[in-house]
Amino acid sequence: MVKSLFIALGLAAVLACCQCSAVHAATRTVTLDVSGMTCVTCPITVKKSLSRVVGVESVDVSFKDKQATVVFDDAKTTVEDMTRATANAGFPSTVRQ
Ligand SMILES: [Cu+2]
């Protein structure tokens with residue numbers, strides 16, 4: 001009896017936590033494949049384009065790996081906004097799955 005009560009309380013805590021995260025914005029990280037980078041200044045352009053997207057918190061672009069790692073607030077922006085931003089800067093990108 002006591003054990004099942006603890007389980008019920010634990011479940012309630014988990015459910016309460018899930019509701020909490022649905023209300024508050026979550027910070028997420030996405031990796032974009034940016035294939036069109038051909039020289040060392042390309043990542044600077046890519047980084048600048050992503051940094052201008054409202055909701056993007058940090059950008060790390062690797063020329064060597066041809067990818068951009070973006071930390072963003074998913075209540076303010078979407079991955080589509082980011083791929084559009086890089087495409088507008090001349091560097092089409094896709095989400096790494
Ligand atoms: Cu370049």
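The values are calculated or read from the model by the stated rules, or taken from the named source; none is laboratory data. Just so it is clear, the model here is predicted, and its values are computed rather than measured. Please note that ligands, DNA and RNA were not included when accessible areas were found on the heavy atoms of the full protein model with its side chains. Shrake-Rupley method; radii C 1.70, N 1.55, O 1.52, S 1.80 Å.
Taking the full set of protein chains and a 1.4 angstrom probe, give the accessible area of ASP65 in square angstrom, rounded to the nearest 10.
Here the residue's solvent-accessible area equals roughly 70 Å².
Using the heavy atoms of the protein chains and a 1.4 angstrom probe, tell me the accessible area per residue for the stretch 25-95 in square angstrom.
Heavy-atom accessible area per residue stands at 54 Å².
Could you give the length gained on full extension between ASP60 and ASP81, defined as 0.36 nm per residue of separation minus the Cα-Cα distance, in nm?
Once the chain is fully extended between ASP60 and ASP81, it gains 5.9 nm.
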